[in-house]
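Worksheet for the structure shown next.
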Amino acid sequence: MRKLALSDEILMKIEKPARYIGNELNSVMKNKDEIDIRFAMCFPDVYEIGMSHLGIQILYDMFNRRKDVWCERVYSPWIDLDKIMREQKIPLFALESQDPIRDFDFLGITIQYEMCYTNILQVIDLSGIPLHACDRTEDDPIVIGGGPCAYNPEPIAEFFDLFYIGEGETVYDELLDVYKANKASSGSRKDFLEKACQIEGIYVPAFYDVTYNEDGTIHEMYPTNEHAPVKVKKQVVMDVTNAPYPEAPVVPYIKVTQDRVVLEVQRGCIRGCRFCQAGQLYRPTRERSVETLKEYAYKMLKSTGHEEISLSSLSTSDYSELKELVSFLIEEFRGKGINISLPSLRIDAFSLDVMSKVQDIRKSSLTFAPEAGSQRMRNVINKGLTEEDIINGAGQAFEGGWNKVKLYFMLGLPEETEEDMEAIAVLADKVARRYYEIPKDQRNGKCQITASSSFFIPKPFTPFQWARMYTNEEYISRAAIVKHAFMEQLNRKSLRYNWHDAEVTVLEGVFARGDRKTARVIEEAYRLGCIYDSWTESFDNEKWMKAFKNTGIDLAFYNLRERDIDEVFPWDFIDIGVTKEFLKREWKRAMDGEVTPNCREKCSGCGAAGWGGGVCFESKN
Ligand code: SF4
């Protein structure tokens, strides 16, 4: 009988105890005496968020297909249990075996957003593992990081033994084989790291040094260990159709954020919006075959009992087999009470035909992301959308019976003027006006246009990586300009406008482009009690500002300055295929308000063709 790590007494008094007991449908149990490697796979946030992450399900399934590896899951304990565990010195444990994480060979942490950094320290700390890699002994698990934030790992470098840069399906087997052989030959921790750093895509921070210029910018980053490469090349799965995919994902006992079968239709995006990091990191675009996706739909609905399927990717409307896939899913499953959801649809690819089949018009609202109000700004960000596309797309939806539309925008973009800010309200009003062009007797009551804006954060490996940010006060004053403009609109009764919090934006901006020095702020904030910073109810800006003060790290240096075009970036040691020269060209084209065609219209020579497949080798229009 599996003994739970938490007593009944504790389980009875904490929120949602099902977060901590494991044993869910499709979770994998193995005999730990019959395996060589124990891998604890962690999403540093609460169970409901972590369980919804497709990447974790893919790696969990892939690792457990190996006979010699047992991969188990671990998530951040919520605040109530965190307190009890510290008071009663209960070590963090894995869900399957309920064993302490410190008994494992690896603690693998997926890093999806900067505001989870203090949770990473929480997980390492509660596991009884020293926070700093340099303080770890032969008995401590190897702490490995991956995911989008690993494309600038420097702010958290000192907390990790190594990083996996790129898609996990390519060299994880090789890494686990190297570890197993090293263990079998009684090799040391350092021996393993020296062998690991020779695997393409693996980065061992301890094997590099960084020197700085007087102004605080980076002078140079260079390997200090003879085995470590100068450049670390990202990992890409070119044949996504035949890559491992979880046909029996773990099904949670409690409601989680994404409670459905997720079909990843492709990786990458053909568009090239200049603010979008994923759009550059996951190049080139690679589609999964529609026949394979149909098979997965059958198998995954059967193995999970889920009642919904979601088609996921960065831009699902660009998936070339979308119509065939949606028609198949509707024919096969609609009659069986299975819902189909299509999250990311572009307004210029809005297909009334597809949408009306998958969505209940009465209940739902449609979401579109013009990102900028004026055509000038949409050209600067290379959104590739005209006002006509937006009005026509909304018009189709209204003709189709929808009367609620959400519009997403960003504020604080490079080159943004007051006129561009006001244009957000003007565009939203034009969308409402399009609705009221429909004869009254054919309308579906009053329309509601909800516009919301987040604040732009420059991210590594984007054409906007050189851009400056603004202060919290400056962001709020920009939102106020937009708010005021909404009050001036004709259809203001049908319009709503809201904006995101700017304090989190400012912090995220520091760590998105931070260097190794910023690790001190993260650790200090953690010591001051910061965790769950991506949750409004637990985010504490005062503690963060105190952490900057206590460590003397200058926030303005990281946010409030435009970078020199030749500045050395903390992430320049990573090769993602897309070249810095291409990004410089795109930065210049943004400043000139020039649009770059998408990959299917014309190749713009970003450098990703080097991988020898995907959209780069599709025949062009
Ligand atoms: S090489 Fe060309 S087609 Fe390929 S991803 Fe880059 S821009 Fe697109």
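Here are some notes:
- The residues neighbouring residue 487, those whose beta-carbon lies less than 15 Å from its own, together hold a net charge of +1 under the Lys/Arg +1, Asp/Glu -1 convention.
- Surface accessible to a 1.4 Å probe, residue 537 within the full protein complex, Å²: 130 Å²
- Carbon and sulfur %, accessible surface of the chain computed with the full protein complex present, 1.4 Å: 50 percent
- You can think of it this way: the chain between residue 477 and residue 572 has 30.8 nm of extra reach, that is 0.36 nm per residue less the Cα-Cα gap.
- Summing charges over all other residues whose Cβ lies under 15 Å from the Cβ of residue 452, with Lys and Arg as +1 and Asp and Glu as -1, gives +3.
- Hypothetical label at residue 336: residues of the range 262-281 whose amide nitrogen lies under 17 Å (7 Å Cα-Cβ projection): 262-263
- In this structure the amide hydrogen of residue 404, modeled in the peptide plane, comes within under 5 Å of the amide hydrogens of 366, 448, none closer than 5 places in sequence on its chain.
- Take the Cα of residue 132, step 7 Å toward its Cβ, do the same at residue 399, and the gap between the two points is 6.6 nm.
- Helix 502-512 and the longest principal axis of the C-alpha atoms of the chain enclose an angle of approximately 50°.
- For residue 65, solvent-accessible area (1.4 Å; no DNA, RNA or ligand), Å²: 130 Å²
- Converting phi to 3J(HN,Hα) with the Karplus coefficients 6.51, -1.76 and 1.60 and the offset θ = phi - 60°, the range 312-328 yields 10, 4, 5, 8, 4, 5, 8, 5, 5, 9, 4, 4, 4, 5, 5, 4, 4 Hz in sequence order, with x at every glycine or proline.
- Helix 418-436 and the long axis of the chain differ in direction by around 60°, with both axes built from C-alpha atoms.
- From phi via Karplus (6.51, -1.76, 1.60), per-residue ³J(HN,Hα) for the range 64-78 in Hz, x at Gly/Pro: 6, 6, 7, 6, 8, 10, 10, 9, 10, 9, 8, 10, 5, x, 5
- Where labels lie 7 Å past Cα in the beta-carbon direction, separation of residue 190 and residue 217 in nm: 3.6 nm
- Cross-link partners of residue 183 among lysines, defined as those whose alpha carbon lies under 23 angstrom from its own and excluding same-chain residues fewer than eight positions apart: 30, 32, 67, 195.
- Based on DSSP H segments of at least four residues, each scored -39500 (n - 2.57), the chain has a per-residue ellipticity at 222 nm of -9500 deg cm²/dmol.
- Pair-distance profile P(r), taking every C-alpha pair of the range 105-196, with 5 angstrom steps and integer %: 3, 13, 25, 24, 20, 12, 3, 0
- Lys, Arg +1 and Asp, Glu -1 on Cβ, resulting dipole of the range 525-621 about Cα centre, debye, nearest 20: 60 debye
- Solvent-accessible area per residue, Å², over the range 476-568 with all protein chains present [probe radius 1.4 Å]: 49 Å²
- Ordered by 1.4 Å accessible area with all protein chains kept, 518, 211 run largest first as 211, 518.
- Charge dipole (Cα centre; +1 on Lys/Arg Cβ, -1 on Asp/Glu Cβ; no other charges) of the chain amounts to roughly 1640 debye.
- Residues of the range 277-295 with an amide N closer than 19 Å to a point placed 7 Å from the Cα of residue 303 along the Cα-to-Cβ direction: 288-295.
- Computed E for residue 557/residue 441 - FRET, C-beta separation, R0 51 angstrom, nearest 0.05: 0.25
- For the range 366-378, Karplus couplings with θ = phi - 60° (6.51, -1.76, 1.60), whole Hz, Gly/Pro x: 9, 10, 10, 10, x, 6, 9, x, 9, 5, 4, 5, 5
- The solvent-accessible area of residue 531, taken with every protein chain present and a 1.4 Å probe, is close to 20 Å².
- Pairs exceeding a 25 Å alpha-carbon distance, out of 299/404; 233/294; 294/406; 404/483: 299/404; 233/294; 294/406.
- Based on Cα atoms of the chain, Rg over Rh with Rh as the Kirkwood radius reads 0.95.
- Average accessible surface area per residue within the range 19-93, 1.4 Å rolling probe, Å²: 36 Å²
- The H on the amide N of residue 145, modeled in the peptide plane, is under 5 Å from the matching H of 109, 162, 163, 164, each at least 5 residues off or on a different chain.
- Charge tally in the Cβ shell below 9 Å around residue 376, where Lys, Arg are +1 and Asp, Glu are -1, residue 376 excluded: -2
- Heavy-atom accessible surface of the range 204-296, averaged per residue, reaches 40 Å², computed with a 1.4 Å probe.
- Angle between the chain longest axis and helix 290-304 axis [Cα atoms, degrees, rounded to 10]: 60 degrees
The values are calculated or read from the model by the stated rules, or taken from the named source; none is laboratory data. These numbers were taken from a predicted model, which means no experiment stands behind them. We place every Cβ from the backbone using ideal geometry, glycine too, and count neighbours over all the protein chains shown. Keep in mind that these areas ignore ligands, DNA and RNA; they rest on the heavy atoms of the full protein, side chains included. Shrake-Rupley method; radii C 1.70, N 1.55, O 1.52, S 1.80 Å.
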